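Since the structure comes first, as structure tokens, the remarks are kept for the end.
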Amino acid sequence: MNISPFFAELMPVYDAELEDLMSDSEGRPALKKRLNEKRQQFAHLLPMIEYSPEMVAVVFYNAFSFTSPAMMKAIVASEPDGDDFIPWDQLQENLSIADWAQEFVDAATNADGGDVFLVITAALEYLRIKGGHHSAHSAVETDETEDDDRDVYDSDDDGGDMSDLESSGSSWLSEQGFESLDPEKS
């Protein structure tokens, strides 16, 4: 599945937000309780939809059923500020909304930026359900890991040997006032 950079970045943050809700501080399951708390706070969370949509989107956990996978794939491959981003009016005709979630949808559509937020939220839920975000997330992780490996293994030094490193470490420790670890210098 082709995922835009916007959703590739946002999905792991959404996953982390959900993970935080999964259990309480003692490790006991708490998702249902914490989702209910978030839903009760929805009106207070709405101002966050433009700068932290993932924190509000969790309210819609399991709220949508998707009837047009092709439309959802088009959304997750696009950017919210692009001309090809499907509007909420068009999207809502192609999904089912759980009865309990309708009041939250109504509140969101009345908020500034609410229509775009709902499309983003539906896309996050689609990615969560379909698991398609793992490939995008893995690609991001692979790139970061490769960069990290290059920093460690592709340095300009000649590699030296371990005795050079031990000698340097021992010298530094001596300069700091510690006893030398090198038995030859003792």
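Only the coordinates and a few stated rules stand behind these numbers; no lab work does. Everything quoted here is computed from the prediction, not taken from an experiment. FYI the Cβ positions are ideal-geometry reconstructions off the backbone, even for glycines, and counts take in every protein chain you see.
Gain on full extension, evaluated as 0.36 nm per residue between Trp100 and His44 minus their Cα-Cα distance, stands at 18.3 nm. Using a simple spin-label model with pseudo-atoms 7 Å out from Cα toward Cβ, Glu19 and Lys32 lie 2.4 nm apart.
Between Ser52 and Asp83, residue separation times 0.36 nm minus the direct Cα-Cα distance comes to 9.0 nm. Label-to-label distance for Asn110 and Ile129 is 2.6 nm, based on points extended 7 Å past Cα in the beta-carbon direction. Assuming charge only on the beta carbon of Lys and Arg (+1) and of Asp and Glu (-1), the dipole of the range 5-134 about its Cα centre is about 600 debye to the nearest 20. Qualifying chymotrypsin sites (Phe, Trp or Tyr not before Pro) in the range 1-77, where qualification requires a DSSP coil assignment and no more than 10 other C-beta atoms within 10 Å, comprise Tyr51. All other residues whose Cβ lies under 12 angstrom from that of Ile49 are scored, Lys and Arg at +1 and Asp and Glu at -1, for a net of -4.
Under 5 Å from the amide H of Ser4 lie the amide H atoms of Ala77, Ser78, each residue being 5 or more positions distant or on a separate chain, with H modelled from the backbone and absent for Pro and chain starts. Near Ala30, the amide H atoms lying under 5 Å from its own belong to Ser23, Asp24; only residues 5 or more places off or on other chains count, and H is placed 1.01 Å from N.
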